[in-house]
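Can you read through this structure? Questions will come right after.
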Amino acid sequence: MTATTETAPPEPEPGPESAETAGSFEQTARALHSPVVDWFDANARDLPWRRPEAGAWGVMVSEFMLQQTPVNRVLPVYEQWLSRWPRPADLAAEPPGEAVRAWGRLGYPRRALRLHGAAAAIAERHGGDVPREHAQLLALPGVGEYTAAAVASFAYGQRHAVLDTNVRRVFARSVSGRQYPPNATTAAERKLARALLPEDEATAARWAAATMELGALVCTARAPDCSRCPITQLCAWQLAGAPEHVDPPRRTQTYAGTDRQVRGKLLAVLREAVTPVPQATLDRVWNDSVQRARALDGLVADGLVEPLPGGVYRLPLG
């Protein structure tokens, strides 16, 4: 998941207001660390980007792909991607349209262009190796706060607060006593995440991965399996009686009939084509000519499609 723009109103920042509350909070944090990390050691999924051979590039590719996309859809594309482009320089040497083509049906294809841009910057600025420093990662095109922290933590074992949707939900329930976190990541959540980090760097990196896995497998959004949770007896939400979410309704995304669906259909035709595609072929994709034209214009504006003279289109060459 990428870092989101903060749109929620300011919240009271968590944290101690006195030496006594500081000690209480630190004690609570320490009590959470061992059971969550031990649970992760026993239950973590064997995912290819977690294996040592994945390296920092494999971690980065997975983080781009996993934004708003479930693991089961990412796995086959990830394997094909790393087989074709095992290093950033391999991807950077290809036209950006090839990244869009290989992205397939993962959705949100601008991520493919951003990953290609990051690979080109890594090849140009860092000798083809994914940089270790958080600031250098953050300076790469297409890399936001979340991705920089995730790569630094998961690939290099550094101490960073890694806040995706799963982690935010775990913290909202276990510490804040709320069923769901705010719609957008807040400064208060970031401060809480930093306060909860173990001091030891290696343990902090393990904690980041463990809380993410706990949210993905146990502390899920719709049906949390609290009987399997290693911190149920410490969970503020459970101790409060698991109160229902009382904030404004959480936004849900639709797909059918939207411009996103039309864009996907247009890109599917272009991904399959080995030569530029005439307008007439794209016109058969969607009956609504106004919506179809709007979707195609959006793809061109986003750099995902390149128009050529004669009314034909192709994936971008650079």
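Using the per-residue mean of other Cβ atoms lying within 10 Å as a proxy for protection, in what order, highest first, do the peptides 88-96, 65-73, 166-174 fall?
Descending mean neighbour count gives 166-174, 88-96, 65-73.
A follow-up question, please. Just the number, please: Stokes-Einstein D of region 75-160 in µm²/s, Kirkwood Rh from C-alpha pairs, 25 °C, 0.890 mPa s.
185 µm²/s
Going toward the positive end of the dipole of region 230-302, with +1 on Lys and Arg Cβ and -1 on Asp and Glu Cβ, which of Thr281, Gln261, Val246 do you reach last?
The one lying farthest along the dipole's positive direction is Thr281.
Here is a follow-up. Please turn the phi angles of region 165-176 into ³J(HN,Hα) values with the Karplus equation 6.51 cos²θ - 1.76 cosθ + 1.60 (θ = phi - 60°), one per residue in order, whole Hz, x for glycine and proline.
4, 5, 5, 4, 5, 4, 5, 4, 7, 6, 10, 8
How big is the equivalent ellipsoid of region 100-234 along its three axes, where each semi-axis is √(5λ) from the Cα gyration tensor, reported in whole Å from largest to smallest?
29, 18, 13
Hey, can you find the accessible area per residue of region 60-213 for me, probe 1.4 Å, expressed in square angstrom?
Per residue, region 60-213 has 38 Å² of solvent-accessible surface.
Here's something else I'd like to know. Ordered by packing density, taken as the mean number of other Cβ atoms within 10 Å over each peptide's residues, highest first, how do 220-226, 56-62 rank?
Sorting 220-226, 56-62 by mean packing, highest first, produces 56-62, 220-226.
Report, to one decimal in Å, the Kirkwood hydrodynamic radius for region 170-258 based on all distinct Cα pairs.
14.5 Å
Once phi is turned into ³J(HN,Hα) by the Karplus curve 6.51 cos²θ - 1.76 cosθ + 1.60 with θ = phi - 60°, what whole-Hz value does each residue of region 48-59 show in order, with x for glycine and proline?
Result, rounded to whole Hz: x, 6, 8, 7, x, 5, 5, x, 5, 5, x, 5.
So if each residue of separation counts as 0.36 nm, and I subtract the Cα-Cα distance between Ser83 and Thr281, what length gain in nm does that give?
Contour length minus the Cα-Cα distance gives 68.1 nm.
Dipole size in debye (nearest 20) for the chain around its Cα centre, Lys and Arg Cβ +1, Asp and Glu Cβ -1?
That gives a dipole near 960 debye.
Can you send over the carbon and sulfur percentage of the accessible area for the chain, probe radius 1.4 Å, protein chains only?
52 percent
Here is a follow-up. Which percent of Cα-Cα pairs in the chain sits in each 10 Å bin, short to long?
Result returned by the calculation: 5, 24, 29, 23, 13, 4, 1, 0.
Sticking with this structure for a sec: Using alpha carbon centroids, what distance separates region 211-236 and region 34-56, in Å?
So the separation of the two Cα centres works out to 17 Å.
The values are calculated or read from the model by the stated rules, or taken from the named source; none is laboratory data. Being a predicted model, the structure only gives us computed values, none of them experimental. In this analysis, Cβ positions are derived from the backbone assuming ideal geometry, glycine residues included, and neighbour counts consider all displayed protein chains. Accessible surface areas use protein heavy atoms only, side chains included; no ligands, DNA or RNA. Shrake-Rupley method; radii C 1.70, N 1.55, O 1.52, S 1.80 Å.
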